[in-house]
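Shown next, in structure tokens, is the structure this report addresses.
Rule-based calculations on the coordinates, nothing more; no lab input. Not measured: the values here are computed from a predicted model. Quick reminder, even Gly has a Cβ in these numbers, built from the backbone with ideal geometry, and neighbours come from all protein chains shown.
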Amino acid sequence: MTQIEMFSLGGRGQAAPPQQVQIQERVPRGASRDSAQHGAARTFDPPAAKAAAARMRPGGVVAAILDALGAYPAGLTIAELAEATGRKEVSVSPRIATLRRAFLIRQSGTRKNASGMTAAVWVKA
């Protein structure tokens, strides 16, 4: 916590007495206060949250991605994963990094997507 002194003008331009204000510093999302990885918990979450996240089973989008990759051993791009799971690419894409860091998936290569751009192909590890 950081403590600062605030000054403000009262009515009719007169200075009001200073007030002590405490500001809690926050770590931006994705930033790290420690180097350990804790599954679904952020690195700055309390130990109880880290323990709960470690026990958590993949669900929702993560489970759908893993199921889709299991059904397609040759691998899928993010666009193909989105189509196979019925989710939007913006929901699938952030989960790829999480799954990769957890060593649940790996990149097996690249191929051209529907728009002609080169896209990474992901497979179960």
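Points to keep in mind about this one:
- Rounded to the nearest 20, the size of the Cβ-charge dipole of the range 59-125 about its Cα centre is 220 debye, with Lys and Arg at +1 and Asp and Glu at -1.
- Model label points for Thr110 and Lys88, set 7 angstrom from Cα along the Cα-to-Cβ axis, are 2.7 nm apart.
- Given charges at Cβ of Lys, Arg, Asp, Glu: the range 83-125 dipole, positive-most of Ala119, Val92, Ala102: Ala102
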